[in-house]
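A.B. asks: First the structure, then my questions, so here it is.
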Amino acid sequence: MLLGVNIDHVATLRNARGGVEPEPVKAADICEQNGATSITTHLREDRRHIKDEDVYTLIKTIKTKLNLEMAMADDIQRIALEIKPHSVCLVPEKRQEITTEGGLDVAGQLDKVTEFIKPLLDAGIVVSLFIDPEKSQVEAAAKSGAQFIEMHTGAYSEAFGKENEEEEFLKLKNAARLAQTFGLRVNAGHGLNYENVHRMHEIPGLYELNIGHSIISRAVFTGLPEAVRKMAELIK
Ligand code: PXP
């Protein structure tokens, strides 16, 4: 399994003082040097962490792959088509949410999703859809033309160590299997940390995990190189 590190929190910290430190570009470089195989950033509609300048710089400096998380917004689509990241991951976005809550409802808006991703696919950008591990969402994702799904692991992470852990874990395992039967490749992420990540090894064929909060939190105490190295070691 590969490790994509989400560096949004570095930008959040930078923005807290309105200056330039800590620099997301530098964080991306350290992550890459310590085992990250891609760098993920979410260009939110309100630009609360990553800003346009960040993605324009990151696309030039990243040596691995830039994975741009984005909502189905025309202005962000324009930026994606301009910078051409390796991949985009479509996420739902609500203004007041602290982080991405729930997966994208692909089943409920299949035509809209299909139409939105077409120019991205035509431009050679790999498209991933961030969805809940549900049959209807996987089936819709398969029809949309996207090459990847990213399974939302938030419910599993919440349930970890509790009585519903198995139930939530099985949803991920079954959704991954179904997606693979449709020829989709499968990533996962949200809420994964140093304790709960090991069960991702029980899901055959998982391609990449996208992890942010737990790595940046650990890095506060141990430094970013150690935090990324340790996570890369756990999922290798
Ligand atoms: N994947 C997606 C699609 C996300 O929106 C996020 C959160 O920004 C993550 C992965 C990473 O989640 P976490 O910060 O909880 O590791």
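A.B. asks: GluC sites (Glu not before Pro) within the stretch 137-236: which are DSSP loop residues with at most 16 other Cβ atoms inside 10 Å?
C.D. replies: Passing both the DSSP loop test and the Cβ count: Glu163, Glu195.
A.B. asks: Moving on to the next point. Looking at the chain only, what percent of DSSP beta bridges run antiparallel? Nearest 5 please.
C.D. replies: Taking every DSSP beta bridge with both residues in the chain, the antiparallel ones total about 0 percent.
A.B. asks: How many nm is it between the label spots at Glu226 and His86, if each spot is 7 Å from the Cα in line with the beta carbon?
C.D. replies: Placing both labels 7 Å along Cα→Cβ, they lie 2.7 nm apart.
A.B. asks: So what is the relative contact order of the stretch 144-220, in percent, for Cα pairs below 8 Å that sit 6 or more residues apart?
C.D. replies: Averaging sequence separation for qualifying contacts and normalising by length gives 35 percent for the stretch 144-220.
A.B. asks: Quick one: putting +1 on the C-beta of Lys and Arg, -1 on the C-beta of Asp and Glu, what dipole do you get for the stretch 104-236 around its Cα centre, in Debye to the nearest 20?
C.D. replies: Value, rounded to 20: 380 debye.
A.B. asks: Still on this structure, I have one more. Using +1 on the beta carbon of Lys and Arg, -1 on that of Asp and Glu, and nothing else charged, what's the dipole of the stretch 9-53 about the Cα centre, debye to 20?
C.D. replies: Magnitude of the dipole: close to 180 debye.
A.B. asks: Put one equal scatterer on each alpha carbon of the chain, apply the Debye formula with no solvent term, and list log10 I(q)/I(0) at q = 0.11, 0.14, 0.17, 0.18 1/Å to two decimals.
C.D. replies: Calculated log10 I(q)/I(0) at the listed q: -0.51, -0.86, -1.30, -1.46.
A.B. asks: With +1 on each Lys and Arg Cβ and -1 on each Asp and Glu Cβ, and nothing else charged, work out how big the dipole of the chain is about its Cα centre, in Debye to the nearest 20.
C.D. replies: Result for the chain is approximately 560 debye, rounded to the nearest 20.
A.B. asks: What number, in percent, do you get for the relative contact order of the chain if the mean sequence gap of Cα pairs under 8 Å and at least 6 apart is divided by its residue count?
C.D. replies: 21 percent.
A.B. asks: So for the pair Lys60, Leu121, with labels modelled 7 Å out along Cα→Cβ, what separation do we get in nm?
C.D. replies: Taking the simple label geometry, Lys60 and Leu121 are separated by 3.3 nm.
A.B. asks: To the nearest 500 deg cm²/dmol, what mean residue ellipticity at 222 nm is calculated for the chain from DSSP H runs of n ≥ 4 alone, each contributing -39,500 (n - 2.57), summed and divided by the residues?
C.D. replies: That comes out to -14000 deg cm²/dmol.
A.B. asks: Residue separation times 0.36 nm, minus the C-alpha to C-alpha distance between Glu53 and Glu139: what's the value?
C.D. replies: Net length gain for the segment: 27.3 nm.
A.B. asks: Counting pairs of alpha carbon atoms under 8 Å apart in space and at least six apart in sequence, what relative contact order in percent does the stretch 1-65 give?
C.D. replies: 38 percent
A.B. asks: For the stretch 1-93, just say rounded, prolate or oblate: build the C-alpha gyration tensor, square-root its eigenvalues into a ≥ b ≥ c, call rounded for a/c under 1.5, and beyond that prolate if a/b exceeds b/c, oblate if not.
C.D. replies: Oblate, because a/c is 1.5 or more while a/b does not exceed b/c.
A.B. asks: Based on the alpha carbon coordinates of the stretch 114-236, what radius of gyration and maximum Cα-Cα distance (Dmax) apply, in Å?
C.D. replies: Reported Rg and Dmax, both Å: 15.3, 45.
A.B. asks: Sticking with this structure for a sec: Tell me which of Val138, Ser214, Gly189 sits at the most positive position along the dipole axis of the stretch 122-227, charges placed on C-beta atoms (Lys, Arg +1; Asp, Glu -1).
C.D. replies: Of the listed residues, the answer is Val138.
A.B. asks: If you don't mind, another one. Starting at the first residue of the stretch 30-39, write each ³J(HN,Hα) from the Karplus equation 6.51 cos²θ - 1.76 cosθ + 1.60 with θ = phi - 60°, in whole Hz, x for Gly and Pro.
C.D. replies: Coupling constants for the stretch 30-39: 5, 4, 5, 6, 10, x, 6, 9, 7, 10 Hz.
A.B. asks: Calculated FRET efficiency, Asp111 and Glu158, Cβ-Cβ r, R0 25 Å, to nearest 0.05?
C.D. replies: Efficiency, rounded to the nearest 0.05: 0.20.
A.B. asks: Go through the stretch 53-121 and name the trypsin sites (Lys or Arg not before Pro) that are in a DSSP coil and have 12 or fewer other Cβ atoms within 10 Å of their Cβ.
C.D. replies: Answer by residue number: Lys63, Lys94, Arg95.
None of the figures in this text is laboratory data; all of them are computed from the coordinates on show. Only a predicted model underlies this, so the values are computations on that prediction, with no experimental measurement involved. Backbone-built Cβ (ideal geometry, glycine too); neighbour counts: all protein chains shown.
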